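S.K.: Got a structure for you, questions after.
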Amino acid sequence: MAKIHSDTNKYDQRATPPNVVEIFHGGIRDLIRTRLDEVGDTWSNFVFGTSYDLISAKDVVELEKRAVDAGYRYVASATISAEERPNAYQQIGGADGDADEFSFEHPRAVVEPADEAGRQRRGQGDNVVRFPANAVGTARYYRSVKDVMEGLTNGVPPETIAIIDDSGGTLTAPILEQFHGVICAGGTVKSHLGILTREFGIPCLMNACISGIRNGDRVEIEVSGRAKAMGDYQTQDDHSVRVWLLSRH
């Protein structure tokens with residue numbers, strides 16, 4: 001049987017139970033082995049010369065179709081994915097409801113009673129850059145093209161702390177400079193959005209777990225705390241910083 005890179009790749013961690021990504025990747029691995037065995041080729045030759053001859057775009061589309069037809073669904077990082085391909089993505093909570101009544105309700109969000117200053121902790125995240133003082137502003141969700149177009153047309157309100165799903169940064173790129181701060185539910189400090197906010201000097205929390213924060217709420221993010229380093233992810237050290245609800249809209 002043909003040997004491929006993942007046979008000896010120590011970073012290749014299989015999901016248990018399998019999700020749609022692992023099902024898709026497993027199908028790709030099996031297809032590559034089959035094609036290599038059929039022509040007597042090697043992994044090295046495949047990578048540096050024969051990949052386009054042995055695997056076609058049609059093959060890849062068919063593999064994904066099998067996974068979706070079997071009932072597996074991708075988890076969307078932005079509402080536009082689920083809107084454009086509802087048959088391939090899990091539904092996103094709150095996408096069809098009243099935006100002002102929606103809030104992320106992450107099960108790992110640490111929620112605590114109000115402290116002596118009246119701040120109620122509503123979660124935590126990974127700080128991208130350490131700033132001299134925390135960022136305080138008004139929470140607003142940016143989860144769709146419609147939300148971004150509203151910002152482009154009418155401007156982003158002053159002191160907006162943007163709450164978004166997408167760690168890629170593409171969705172909010174047109175209005176990113178106008179944000180006072182960002183809370184992102186996905187990614188790491190090295191994700192595209194983390195890099196962009198660092199370059200623009202915008203306080204940002206990645207991989208954030210928050211609960212009970214709605215549009216218009218006054219919030220504070222602890223960006224004066226320790227910034228997360230990539231080594232912390234590898235050692236699984238938790239250096240998350242806090243998110244507080246200051247007042248309800």
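The values are calculated or read from the model by the stated rules, or taken from the named source; none is laboratory data. Treat the numbers as computed from the prediction; the structure is a model and nothing was measured. Neighbour counts run over all protein chains shown; Cβ positions are idealised from the backbone, glycine included. Accessible surface areas use protein heavy atoms only, side chains included; no ligands, DNA or RNA. Shrake-Rupley method; radii C 1.70, N 1.55, O 1.52, S 1.80 Å.
S.K.: Over the range 129-209, average the accessible area per residue using a 1.4 Å probe and give it in Å², no decimals.
M.R.: Per residue, the range 129-209 has 43 Å² of solvent-accessible surface.
S.K.: To the nearest 500 deg cm²/dmol, what mean residue ellipticity at 222 nm is calculated for the chain from DSSP H runs of n ≥ 4 alone, each contributing -39,500 (n - 2.57), summed and divided by the residues?
M.R.: After summing the helix terms and dividing by the residues of the chain, the value is -8000 deg cm²/dmol.
S.K.: Something else about it: Which residues' amide hydrogens lie under 5 Å from the amide hydrogen of Ser224, considering only partners 5 or more residues apart or on another chain, with H built in the peptide plane?
M.R.: Hits under the 5 Å cutoff: Phe131, Asn134, Ala135.
S.K.: Need one number: convex hull volume per residue for the range 111-171, Cα atoms only, in Å³.
M.R.: Dividing the Cα hull volume of the range 111-171 by its residues yields 128 Å³.
S.K.: Can you tell me how much longer the chain between Glu83 and Val111 gets when fully stretched, taken as 0.36 nm per residue apart minus their C-alpha distance, in nm with one decimal?
M.R.: 6.9 nm
S.K.: Out of all DSSP beta bridges in the chain, what portion is antiparallel? Express it as a percent rounded to 5.
M.R.: Around 65 percent antiparallel, to the nearest 5.
S.K.: Let me ask another. Calculate what fraction, in whole %, of the accessible area of the chain sits on carbon and sulfur atoms when a 1.4 Å probe is rolled over the protein chains.
M.R.: 51 percent
S.K.: Separate question: Take each of the peptides 127-137, 55-65, average the number of other beta-carbon atoms within 10 Å over its residues, and list them starting from the highest.
M.R.: 127-137, 55-65
S.K.: Could you tell me what % of all Cα pairs in the range 147-195 have separations over 15 Å?
M.R.: 39 percent
S.K.: Of Thr42, Thr50, Thr170, which has the most accessible area and how do the rest follow, probe 1.4 Å?
M.R.: Descending accessible area places them as Thr170, Thr42, Thr50.
S.K.: May I ask you to derive the FRET efficiency for Ala173 and Arg29 from their Cβ-Cβ distance with R0 = 30 Å, giving the value to the nearest 0.05?
M.R.: Result of the calculation: an efficiency of 0.30.
S.K.: Rank-order 213-223, 171-181 by packing density, defined as the average count of other C-beta atoms within 10 Å over each peptide's residues, highest first.
M.R.: The peptides rank, most packed first, as 213-223, 171-181.
S.K.: Fully extended, how many nm does the chain gain between Val60 and Asp238 (0.36 nm per residue separation, minus their Cα-Cα distance)?
M.R.: Going from the current span to full extension adds 60.3 nm.
S.K.: Using only the Cα atoms of the range 39-169, what semi-axes does the equivalent ellipsoid have when each is the square root of 5 times a gyration tensor eigenvalue? Give whole Å, largest first.
M.R.: So the equivalent ellipsoid measures 41, 20, 17 Å along its semi-axes.
S.K.: May I pose another question? Give me Rg over Rh for the range 159-245, both radii from the alpha carbons and Rh done the Kirkwood way, two decimal places.
M.R.: 0.93
S.K.: Take the eigenvalues of the Cα gyration tensor for the chain, scale each by 5, and report the square roots as semi-axes in whole Å, largest first.
M.R.: Taking √(5λ) for each eigenvalue gives 40, 21, 17 Å, largest first.
S.K.: Before anything else, pin down the relative contact order of the chain: Cα pairs under 8 Å, at least 6 apart, normalised by residue count, whole percent.
M.R.: Across the chain, relative contact order equals 20 percent.
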